[in-house]
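Working notes, beginning with the structure itself.
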């Protein structure tokens, strides 16, 4: 079994991957970014919450997590209006997702998110998390879980495909 230091060292070695390829999910907010990641079975799990400070630092932190967990794709929540129109928060999330795509040269998929916070609240309630100030950071992680799992479910061959004009699973533009 590798220690945390050995895992970090191994993850920095060129061509070295730890475990199976993973997909990362992001719930992008103004103050925090909730992060989820697929486990070895391909199921979304909460990972952590990053506080928003400076874009450069956020990119470095996400890049480190991508390397550490062998992430090959990222799914970002896209908070469109119910009509499918772009909301002000969706513009911010899309810009952040594009910055990640440009920085990391990884495929970024936008997943329309609606009611993810309510679904995350329900998950936390079912898992017995008490309500309090520390719950907000956990809520962001679970919102990322909902976003990621919704995208994963939509990738199954038997999943119904959403209409593109309604948001659907739209890949972010990649200018690589």
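The values are calculated or read from the model by the stated rules, or taken from the named source; none is laboratory data. Model, not experiment: these values are computed from the prediction. A quick note on method: Cβ atoms are made from the backbone with ideal geometry, for glycine too, and the neighbour counts reach across all protein chains shown.
Here are a few things to note about the model shown:
- Single residue of 62, 43 found to be under 20 Å from residue 139 (Cβ atoms) and without any contact (Cβ under 8 Å) to a residue 60 or more places away in the chain: 62
- Flag if residue 45 is within 16 Å of the chain's Cα centre (by Cα), at pLDDT 95 or above and farther than 23 Å from residue 105 by Cα: yes
- Odd one out for residue 64 among (1) within 15 Å of the chain's Cα centre (by Cα); (2) surrounded by 17 or more Cβ atoms within 10 Å (Cβ to Cβ): (2)
- Here the range 82-104 is the region considered, the condition is being part of a loop (DSSP other than H, G, I, E, B) and in contact with a helix residue (DSSP H, G or I) (Cβ under 8 Å, 6 or more places away or on another chain), and the residue that is nearest to residue 26 (Cα to Cα) is 86.
- Condition met for residue 123 (touching a helix residue (DSSP H, G or I) at 6+ places or on another chain (Cβ under 6 Å) and either more than 20 Å from residue 149 (Cα to Cα) or without any contact (Cβ under 8 Å) to a residue 24 or more places away in the chain (or both)): yes
- The listed residue being at pLDDT below 95, over 19 Å from residue 32 (Cβ atoms) and surrounded by 13 or more Cβ atoms within 10 Å (Cβ to Cβ), out of 150, 85, 125: 150
- Test: residue in the range 5-23 that is modelled with pLDDT of 95 or more and either touching a strand residue (DSSP E or B) at 6+ places or on another chain (Cβ under 8 Å) or surrounded by 12 or more Cβ atoms within 10 Å (Cβ to Cβ) (or both): yes
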